[in-house]
Each structure stands twice: as C-alpha cells, then as structure tokens.
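One structure below.
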Amino acid sequence: VLQGYAAEMDNPLMAHLISPELQNKKDILFGNMEEIYHFHNRIFLRELENYIEYPELVGRCFLDQMEDFQIYEKYCQNKPRSESLWRQFSDSIFFQECQRKLDHKLSLDSYLLKPVQRITKYQLLLKEMLKYSKNCEGAEDLQEALTSILGILKAVNDSMHQIAITGYDGNLNELGKLLMQGSFNVWTDHKKGHTKVKDLARFKPMQRHLFLHEKAVLFCKKREENGEGYEKAPSYSYKHSLNMAAVGITENVKGDAKKFEIWYNAREEVYIIQAPTPEVKATWVNEIRKVLT
C-alpha cells in the first residue's frame, strides 16, 4: 500500500491520472500508516522474534512497546476523514491503475482498514494465549498486556466519539484526558428560574451523551446520521458542560440502583443520571470520585 499507492501519488509519471482535488491529500488518505509500518518493521517484529522459543513470555514484549501502540489512536482518529476522501475519489483512474499494477483483488479501502482490524485483533490473540498459560511464568505479563491493549482500544473508541462532537466553542484538548463516554437518561432540577423546575423532574428524561474529562463533564445530544461507514456514525451536538472543580456527586438515588446525581455549585443545579445498568453506574461513579478526590 505504501509503495504501490502512497508513493505513486508523488510519482511524476502518474501525476496526469490524479485529479487536482486529490493532490496534496496523501496524509489525509493514508493517515500515519507509514509510522505504523516502520514501528512494526523496525521494532515490534524484531522484539516478537526474540520470543519464538518462549511464546508464554510475549506479554513482556507488548508491555515494553505499549507507548508506541498509541500511534493506532492517531490512525483511527483520522479514519473518518480518510473514508470520506476515498468515497469521493474511489472510482479515480489513478487508484484503478495502482490496483491493476499490484494485482490486488481488493481495492485500497480494504487495506486502509487493516490497522484498525490489527489493533482489535491483538486483544483476541492475547486472550487466547492467556487461556493456555494459566499457571506458567509470564501469565501476569500477558494479563497486564491484555489490560493495556483493552485500554488503548477504549481510548481509540472514546476518541472516535469525541471527534464527532459539534458546537463546542473551546478546545476539547484543554479539558484534560477523556476518561469515559456513554449515553444516559438525564433529569434536571434547577433552583433558578421562575417556576420550580422540580415539578418537571418527574417527567420525561432527556437522552444525553456524556463525556467525562478530567476538568469538565460535557452533556451532548446524540444525532444518528444516515450514510455509510463512518458517515453512519452518530454526531453529538454540544449542550452544556460542568466544570469538575464545582461538581459534587450523590452516589445513590432512592429507589433506583442505576441512578446517581451530579450537582453543581452547592446543588444550585442537580442532574439525576440514569445509567443503562448498575455496572455502568458503578464505573462512572468510581471515575467521577477519582477526579473529585
């Protein structure tokens, strides 16, 4: 892909086949695939080969390189832009000619999906290895490697949602790390306003998608899109946010194991939040508690 497509975009002999709108878009189309390739070719593959005789110790190999795996996050974040560009130009003569020369049965987009599939496959392979490595040396490393890869997958998944937030004025990167994201039923109960909003709290909840950052929690409304691939992915229109410095939490709400409260400025605003399951609620309450302490 890097030689037969990406490099060909800079080949003067192929220039006449590339439409002007596609020129200089190489970085959007291929993201940081080259970086991923070099990481595997120069570093990770060689490390793995050291463990051919001791496969049960391969967890260590993952742990040593865990920081480098974050390059996948960058790749996945760019994927929606890449896909949208590909859809515009998928029938271009340039791509057809590259595919013909390479004698590939599949078109470029199938190969651009490979890094996304690869990072999800690692956790399956590690799970499988753990199954057969219960009491042997290296089992702990395998477990830790699996946990770390799942952490990266979660970060990739969360960031894919985060780039779909629309209407937020500030810079999301200034809110600190994205810790959790998910959909909830939300009721509000504000002390301000002419009528007591308390009476409304009994009524229909709002559907909100929450993004918990280290410095703020964002409330967004999810919009399903019609389209294919990543265009079908939802977008989230920003409604409001609460600064974590002024947030308090009530962990249990009478009568419902799935509900908790987030309140603001000494209960001036109260948000009753209902998670889909008690487990999801527990995870969120734990994360919020960590931020607050």
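Laid out as a table, the results:
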{"item": "Identity of the residue in segment 173-190, in contact (Cβ under 8 Å) with a residue 24 or more places away in the chain and in a helix (DSSP H, G or I), that ends up least open to solvent (accessible area, probe 1.4 Å)", "result": "LEU175"}
{"item": "Residue in segment 98-114 that is most open to solvent (accessible area, probe 1.4 Å), counting only those that are in a helix (DSSP H, G or I) and of a type in the set (D, E, K, R)", "result": "ARG100"}
{"item": "Which listed residue is under 18 Å from ASP27 (Cα atoms), at pLDDT below 95 and open to solvent by less than 30 Å² (accessible area, probe 1.4 Å), from PHE95, PHE69, PHE89", "result": "PHE89"}
{"item": "Identity of the residue in segment 40-66, surrounded by fewer than 14 Cβ atoms within 10 Å (Cβ to Cβ) and among the β-branched types (Val, Ile, Thr), that ends up nearest to ARG118 (Cα to Cα)", "result": "ILE43"}
{"item": "Checklist (1) more than 20 Å from the chain's Cα centre (by Cα); (2) assigned to a helix (DSSP H, G or I); (3) farther than 26 Å from ILE288 by Cα applied to GLN117, failing item", "result": "(1)"}
{"item": "HIS38 being of a type outside the set (Lys, Arg), over 17 Å from SER90 (Cβ atoms), in a helix (DSSP H, G or I) and within 30 Å of the chain's Cα centre (by Cα)", "result": "yes"}
{"item": "Among (1) surrounded by 16 or more Cβ atoms within 10 Å (Cβ to Cβ); (2) under 30 Å from GLU140 (Cβ atoms), the one test that LEU22 misses", "result": "(2)"}
{"item": "Breaking point among (1) open to solvent by 50 Å² or more (accessible area, probe 1.4 Å); (2) part of a helix (DSSP H, G or I); (3) out of contact with any helix residue (DSSP H, G or I) (no Cβ under 9 Å at 6 or more places or on another chain), for LYS74", "result": "(3)"}
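Per-residue answers, yes or no, for (1) over 25 Å from the mean Cα position of the chain (by Cα); (2) farther than 15 Å from HIS190 by Cβ; (3) surrounded by 13 or more Cβ atoms within 10 Å (Cβ to Cβ); (4) not charged (D, E, K, R):
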| residue | (1), (2), (3), (4) |
| --- | --- |
| ILE249 | yes, yes, yes, yes |
| TRP263 | yes, no, yes, yes |
| ALA266 | yes, no, no, yes |
| ARG289 | no, yes, no, no |
| THR293 | yes, yes, no, yes |
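The values are calculated or read from the model by the stated rules, or taken from the named source; none is laboratory data. The shown structure was predicted, so the numbers you read here are calculated from the model rather than taken from an experiment. So basically every Cβ, Gly included, is an ideal-geometry build from the backbone, and we count neighbours across all protein chains shown. Accessible surface is based on the protein model in full, side chains and every heavy atom, while ligands, DNA and RNA are left aside. Shrake-Rupley method; radii C 1.70, N 1.55, O 1.52, S 1.80 Å.
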